Amino acid sequence: MQVHFIGLGEAGLSNLAVALQKKGETITGSDEVLDESLKTLKQEQKLLFNEAGWFPEKIHAQLDAVVIGAKVKKENPELVKAQELGLRIFSYPEFLYELSKYKTRVVITGSHGKTSIVSMILHVLDYNDVDVDYVLSSPNGIHLTEENDFVVIEGDGSLSGIDGTPQLQLYRPNIALLSDIRFEDNGIFSDFESYAEQYSTFVDSIVKGGSITYNDEDEEVKKRVEASENPIRKFPYTTPEYQKIDGEVFLDTPDGEMPLEISNTTDLRNMAGAKWICQQMGVDEVEFYEAMVTYK
């Protein structure tokens with residue numbers, strides 16, 4: 001596959017470019033600003049792109065896909081050339097869907113809890129020798145294969161593509177988790193309602209027959225999940241019962257008290273959500289708790 005990235009300097013696009021190159025695909029790209037991190041990426045990964053700027057001559061009919069960053073403008077000369085040639089053009093989340101449409105997509109999202117929950121899920125799966133693909137926001141945080149059945153995606157609420165569609169609307173998850181909804185003005189959404197509404201749309205975008213695991217203690221999350229008429233299964237979670245003894249946390253489980261390294265209420269609640277997701281991915285409760293004993 002030959003793929004060209006317009007706006008390669010954006011974190012998601014550079015992560016994806018590296019992951020695809022590791023799979024053996026031919027990757028080209030460009031950006032108007034060539035900062036030090038992009039220069040390093042070029043040197044380390046041997047990605048094919050020139051100096052800073054846009055180069056329409058790099059757009060040709062043999063490209064299988066053109067992926068555009070969220071900051072790319074409609075008049076971008078490379079984008080215009082791709083449109084003239086009738087090439088397949090994708091935003092970052094649209095292309096992730098294209099790459100994973102035959103996998104079970106597990107999307108974890110929320111204002112603050114998603115990174116912690118994804119970390120727990122991947123720890124438990126690794127502990128139990130369950131191989132999965134994953135898409136994270138961290139550097140080099142994308143791992144893609146042909147053989148793995150699941151892909152775990154850390155769902156970002158930012159905008160994508162030239163039409164400004166929230167990324168969350170484009171993943172089409174089979175299994176989803178929504179941890180919390182807390183508005184912080186970052187210049188993307190004008191008010192709380194427009195920010196929170198993207199999560200309603202996210203719940204409605206889940207594949208019919210899929211599932212949403214949600215924080216029952218967050219009133220906004222609860223309201224929006226329970227209001228959805230999408231025919232999906234809904235699994236609420238809450239902070240589990242636990243004891244603190246001499247500064248140590250012991251979780252109440254069907255097999256008795258279990259010591260944990262994590263200690264704050266938010267992490268314990270996140271763990272409850274992660275457990276629901278892991279169980280839907282084939283890890284039973286006993287296996288989950290055994291792995292979480294080693295999680296720090």
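The values are calculated or read from the model by the stated rules, or taken from the named source; none is laboratory data. Since the model is a prediction, treat every value here as computed from it, not as a measurement. Glycine gets a Cβ as well: all are built from the backbone with ideal geometry, and neighbour counts include every protein chain shown. Just the protein is used for accessible areas: all its heavy atoms, side chains included, with ligands, DNA and RNA removed. Shrake-Rupley method; radii C 1.70, N 1.55, O 1.52, S 1.80 Å.
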What's the angle, to the nearest 10 degrees (0 to 90), between helix 265-280's Cα axis and the longest principal axis of the chain? 70
Set K23/K103; K275/K296; K23/K73; K22/K74; K71/K114; K58/K81 screened for pairs whose C-alpha atoms are more than 19 Å apart: K23/K73; K22/K74; K71/K114
Counting only protein heavy atoms with a 1.4 Å probe and every protein chain in place, the carbon and sulfur fraction of the accessible surface of the chain in whole percent equals 47
At what distance in nm do the modelled label points of Y295 and V207 sit from each other, each positioned 7 Å from its Cα along Cα→Cβ? 2.4
Calculated from DSSP H runs of 4 or more alone, at -39500 (n - 2.57) each and per residue, what is the 222 nm mean residue ellipticity of the chain, nearest 500? -10500 deg cm²/dmol
Could I have the simple spin-label model distance between E57 and T238, label points 7 Å from Cα toward Cβ, reported in nm to one decimal? 6.6
Just the number please: accessible area per residue for the chain, 1.4 Å probe, all protein chains included, in Å². 47
How far apart, in nm, are two points set 7 Å out from the Cα along the Cα-to-Cβ line at N264 and at L85? 4.9
Please say if the stretch 68-159 is rounded, prolate or oblate, where rounded means a/c under 1.5 for a ≥ b ≥ c the square roots of the C-alpha gyration tensor eigenvalues, and otherwise the choice is prolate for a/b larger than b/c and oblate otherwise? prolate
In cubic angstrom per residue, the convex hull of the stretch 172-296 built on its Cα atoms measures 124
In a Debye calculation with equal point scatterers on the alpha-carbon sites of the chain and no solvent, what is log10 I(q)/I(0) at q = 0.08, 0.10 Å⁻¹? -0.38, -0.59
Excluding near-sequence neighbours (fewer than 8 apart on one chain), the stretch 150-262 holds lysine pairs with C-alpha atoms under 26 Å apart numbering 5
Kirkwood hydrodynamic radius over Cα pairs of the stretch 119-188, then Stokes diffusion coefficient at 20 °C and 1.002 mPa s, in µm²/s: 151
